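The values are calculated or read from the model by the stated rules, or taken from the named source; none is laboratory data. Note that this is a predicted model, so its numbers are computed, not measured. With ideal geometry, Cβ positions are generated from the backbone for all residues, glycine too; neighbour counts draw on all protein chains shown. With ligands, DNA and RNA removed, areas are computed over all heavy atoms of the protein, side chains included. Shrake-Rupley method; radii C 1.70, N 1.55, O 1.52, S 1.80 Å.
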Number of protein chains: 2
Amino acid sequence: MDAIDLNLVDLLRTNARLSYAELARQVGLSAPAVHERVGKLETSGVLRGYRADVEPEAVGLGVTALIGIVEDSGADTDDVLAAFRKMPEIESCYFMAGVESFLLKARVGTIAELEQLIVRLNRTPGVASTRTGIALSTKWENRPRPVSPPAA
Amino acid sequence: MDAIDLNLVDLLRTNARLSYAELARQVGLSAPAVHERVGKLETSGVLRGYRADVEPEAVGLGVTALIGIVEDSGADTDDVLAAFRKMPEIESCYFMAGVESFLLKARVGTIAELEQLIVRLNRTPGVASTRTGIALSTKWENRPRPVSPPAA
DNA sequence: ACCTTCCGTGGACGCGATCGACCTCAACCT
DNA sequence: AGGTTGAGGTCGATCGCGTCCACGGAAGGT
C-alpha cells in the first residue's frame, strides 16, 4: 500500500469504470503494472467490488428511513442479524454501542411499505423495540473521502 | 426504463466494471445497443456514477460514527449544510424529520479524530447540539437491492 | 399506404486488456 | 565482494472490446 496504490484507490472510488490504460496514465505507470496492482488490491480485500451509484427515486425507492433497534435481553444477536439480512430493504446495518444494538438504513417505495417493514422488524424474535426516523432528503451519501495526499 | 434497463442497472450495481460485451450477453442484446442504453441511463441521471467499494479499515478509517444534529431555532439550514459539506469525514448526510434535523455518518481514523470532529460540529453556527453513536462494526453497507424481477 | 421515429443489428477499425519475456534494483546469503 | 532471489517494473504481441456508422424492421401517426 504505497502512494500509488492509494492514488489508484482514490481514482477508482471516484470512477470505477476507468480503463487500466487511463489509470496507468494518471499514476504514471504502464497498463500491465496497474493491472497487477489493482488485482492485488482486490485479492487482498482493499477493493471489495465496484458498484454503480443509482438514483434511488429512479428505481422506485423514494422513502429512506433510519431505524434503531433495541434487542431483548438475552436475544441471540446472530439470529437477529440473520433475520435482518433476509430483508432486502435494509441497505446498511451497523452494530452500535448504546441501548440500541443496531442502526439500520432502509429504503422502500412507499410509506405503506415502510410500515410493513417496521411491523416485520418488531415481530422478529430478539427485537424488543424499534425507533424509526424518516429521511426527508438525502443530501449526499457515501461521498468518497480522498485518502491520498493531493498531488500538490 | 423497461425491464432490460432495470436488468442493466442491477448488473452494474453488483459489478460496475462489467464490459459492455458482457452486459450485452447477460441481457441478450448487442454491445452497441447496451452502450446506448447505459449512456441514456447516465445522462438521464439514473446512473449517477460508478464507485469502488473500499474496505475502510484498509485506508485508515477504522472508526464509524452516526451523529444526530439539533439545529438552533432560526438557524440557516443551508449554511449548516454548507459547513457539513466541507468536512470530508462526513460520508453521508440525511435531512431528517424530527427534533434532530440531520443525521450524519462519519468515518475517521481514531477516537481522537472523532472527538475533534464533534467539537467542530458543536462549534459550527446553527448547531445547537449533537448526539453521537459509535458503530462497533459495520455488518453491511449499501447492499444493492435487486430492482428487476428475478429471471425465474 | 406512406412516412417518420425509435430501437435494434452487423461490420469495421482502432484502442485497451492481458500474457509472456525480459530488465532492474534491493535485500540477503555466503 | 559477488551471486542469488524475488518483487515489481517495461515492452511487444495478440486478441477481444468499445465505439462509430450504415442499414433494417416494427409501431404509430396522418
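In the list A:31, A:3, A:21, which residue meets the criterion of being farther than 16 Å from residue A:144 by Cα, open to solvent by 30 Å² or more (accessible area, probe 1.4 Å) and either in contact with a Cys (Cβ under 7 Å, 6 or more places away or on another chain) or away from DNA strand C (no atom under 16 Å from the Cβ) (or both)? Quick ask: steps written out before the conclusion?
On the way: A:31 fails: either in contact with a Cys (Cβ under 7 Å, 6 or more places away or on another chain) or away from DNA strand C (no atom under 16 Å from the Cβ) (or both); A:21 fails: either in contact with a Cys (Cβ under 7 Å, 6 or more places away or on another chain) or away from DNA strand C (no atom under 16 Å from the Cβ) (or both).
Among A:31, A:3, A:21, only A:3 is farther than 16 Å from residue A:144 by Cα, open to solvent by 30 Å² or more (accessible area, probe 1.4 Å) and either in contact with a Cys (Cβ under 7 Å, 6 or more places away or on another chain) or away from DNA strand C (no atom under 16 Å from the Cβ) (or both).
When B:137, B:129 are screened for being more than 30 Å from residue A:82 (Cβ to Cβ) and assigned to a strand (DSSP E or B), only B:129 passes.
Taken together, the criteria place residue A:38 among residues that are within 13 Å of DNA strand C (Cβ to nearest atom), modelled with pLDDT of 95 or more and open to solvent by less than 20 Å² (accessible area, probe 1.4 Å). Of all residues in the stretch B:51-78, those satisfying the criterion of being surrounded by 14 or more Cβ atoms within 10 Å (Cβ to Cβ), over 19 Å from the mean Cα position of the chain (by Cα) and within 17 Å of residue A:137 (Cα to Cα) are B:70, B:71. Among the residues of the stretch A:41-50, the one identified as on the phi > 0 side of the Ramachandran plot and surrounded by 14 or more Cβ atoms within 10 Å (Cβ to Cβ) is A:49. Only one of the listed residues (A:12, A:81) is within 16 Å of DNA strand C (Cβ to nearest atom), open to solvent by less than 20 Å² (accessible area, probe 1.4 Å), within 11 Å of chain B (Cβ to nearest Cβ) and under 21 Å from residue B:141 (Cβ atoms). That residue is A:12.
The set of residues from the stretch A:51-72 being touching a residue at least 24 places away in the same chain (Cβ under 8 Å) and outside any strand (DSSP E or B) comprises A:56, A:60, A:61, A:62, A:72. Checked against (1) closer than 30 Å to residue A:19 by Cβ; (2) in contact (Cβ under 8 Å) with a residue 12 or more places away in the chain, residue B:42 meets all criteria but (2).
Residues checked against (1) crowded, with 17+ Cβ neighbours inside 10 Å; (2) more than 10 Å from chain A (Cβ to nearest Cβ):
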| position | (1), (2) |
| --- | --- |
| B:96 | yes, no |
| B:103 | yes, no |
| B:109 | no, yes |
| B:117 | yes, yes |
| B:121 | yes, yes |
| B:124 | yes, yes |
| B:145 | yes, no |
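Across the stretch B:17-50, which residue is farthest from the other protein chains (Cβ to nearest Cβ) among those that are in a loop (DSSP other than H, G, I, E, B) and within 12 Å of DNA strand D (Cβ to nearest atom)? Top of the filtered list is B:30.
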